[in-house]
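Written below as C-alpha cells is the structure these notes are about.
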Amino acid sequence: MRNGIPDTAKGSYYANPKGDVITDDEYLKKTFPELYADNIWPGEDLPELEPAFKAMTGIQLGVGYMICELFDRYLTTLTNGVHPAGRFSEMLKRGTTCKGRLLHYFPAPPSACKAEDGLCGWHLDHGGITILTCPLYLSLEGEEMPAPADCGLHIKHPVDGDVVKVTLPPDCLLVQLGESFQYLSGGHLRATAHCVKSSKTPNITRETLALFMDWMPEEDMQLPEYTRPFSEVVHTPFLPPGVPELEGRIKGAKHYRDFATNTFRAYYADAEVEK
C-alpha cells in the first residue's frame, strides 16, 4: 500500500462469495474487473478450495450482517429515530461485489523486518466492513507455528495515536470498518488506520482470509441528515505519513464506485486506473 512501491510481501487469491458469476454484462467485466470478474477455481489442482472458501466466507457474511444490524440499532437510537432502521444491513445485503481474499504473507526479508509496516503498509479500508479470520503462522514445511510476539496486525489508536497490536483468539473473527461506512454514517462510526508488521523470526509465513463487504457500486455517497460537520467526518486522527486523506478522495464522488476509483488512484498514483 505504499505509493509507487510494488507489493511483493504477499500473494493473494480473490473470489466473490456471493456468486461465481454476478453479471453477464461484458462491458462491466472489462471496465471494472476488480468488481465484476467471474470466479476462477483450481478445480483440478485443488478441488477442496472452492467448498472450503465458500463455507468460511458464508460464516463471515453472516457475521457481517449481524454486526451491521447492531450498527443500525445504535444509529437509530443515537439519532432518535432519524437513521432508518436496518438501512446499512439492507445496503450490504444488496451488494453483490463482495471480495474474499486469501492472503499468504511470504517470509519477510531483513529489510522488511526493520519497518513498522513491513508486510502491509499503513492504510484504511475504503469499503463497508472487513471480516478477518485469526492468522495462521506456518513453517516452510507447512507446520503450524506459535504466533510471533512481534508480528501481526497493528492499529493506530484513535484517541492517543499509539500503535497497538491486535491479538485475536483462534475461534474469533475481527471486524474493521471502512471509510465509506464512516462517511455514510456522518462520522458517527469510524474507520481505523492499520498495518501488518513482519516477524523477526526467519522462515515463517502468515496466512489469513479477509472478506471485504461492499455496497453496490452505484450506491449514492451522501451524508445523512444527522451528520457531524464535514470537517469532522473526513478527519482521521493520527493519520500515518503517506496515507491519502479521505477529504481528497471523497470530493466529486457521487457514487461508491467513484470513491473506490479515487482511492485506488490515490494509493497507486503511478498506476493506470480507468473508470
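The values are calculated or read from the model by the stated rules, or taken from the named source; none is laboratory data. Remember, predicted model here, so these are calculated numbers, not experimental data. A quick note on method: Cβ atoms are made from the backbone with ideal geometry, for glycine too, and the neighbour counts reach across all protein chains shown. Surface areas here come from the heavy atoms of the whole protein model, side chains and all, with no ligands, DNA or RNA. Shrake-Rupley method; radii C 1.70, N 1.55, O 1.52, S 1.80 Å.
Observations on the structure shown:
- If you wrap segment 181-275 in the convex hull of its Cα atoms and look at it from every side, the mean projected area works out to 8.4 nm².
- Projected-area mean, segment 1-155, by convex hull of Cα positions, square nanometres: 12.8
- Multiplying the residue separation of E44 and D150 by 0.36 nm and subtracting their alpha-carbon distance yields 34.4 nm.
- Rg over Rh [alpha-carbon atoms, Kirkwood Rh] for segment 1-88: 1.11
- Accessible surface, 1.4 Å probe, highest first, among residues V196, V166: V166, V196
- For segment 148-218, the Cβ-based charge dipole about the Cα centre amounts to some 280 debye (Lys, Arg positive; Asp, Glu negative; other atoms uncharged).
- 26 Å Cα cut-off, lysine pairs counted over segment 60-167 (separation 8 or more, or different chains): 5
- Once the chain from Y65 to K254 is taken as fully extended at 0.36 nm per residue, the excess over their C-alpha distance is 65.5 nm.
- Summed over qualifying helices (DSSP H, 4 residues or more, each -39500 (n - 2.57)) and divided by its residue number, the chain shows a 222 nm mean residue ellipticity of -8000 deg cm²/dmol.
- Kirkwood Rh, Cα atoms: Rg over Rh of segment 74-184: 1.04
- Taken as entire DSSP H runs, the helices of the chain that both span 15 Å or more between Cα atoms along their own long axis and average -0.5 or more on the Kyte-Doolittle scale are 49-78.
- Compactness of segment 54-98, expressed as Rg and Dmax over alpha-carbon positions, Å: 11.9, 39
- Ranking of T77, T31 by solvent-accessible surface, largest first: T77, T31 (1.4 Å probe, protein heavy atoms only, all chains present).
- Take the chain with all the other protein chains still there, run a 1.4 Å probe, and you get 51 Å² of accessible area per residue.
- Note that segment 170-236 carries a Kirkwood radius of 14.8 Å, evaluated over its alpha carbons pair by pair.
- Dividing the C-alpha radius of gyration of the chain by 2.2 N^0.38 Å, with N its residue count, gives 1.01.
- The fraction of accessible area contributed by carbon and sulfur in segment 57-102 is 63 percent, rounded to a whole number (1.4 Å probe; ligands and nucleic acids excluded).
- Residue order for I67, I204 - accessible surface, 1.4 angstrom probe, largest first: I67, I204
- Whole-Å distance, taken between Cα centres, linking segment 62-87 and segment 127-159: 29
- R0 of 45 Å, Cβ-Cβ distance T8-H157: FRET efficiency to nearest 0.05: 0.95
- Accessible surface of segment 192-275, 1.4 Å probe: 48 percent of it comes from carbon and sulfur atoms.
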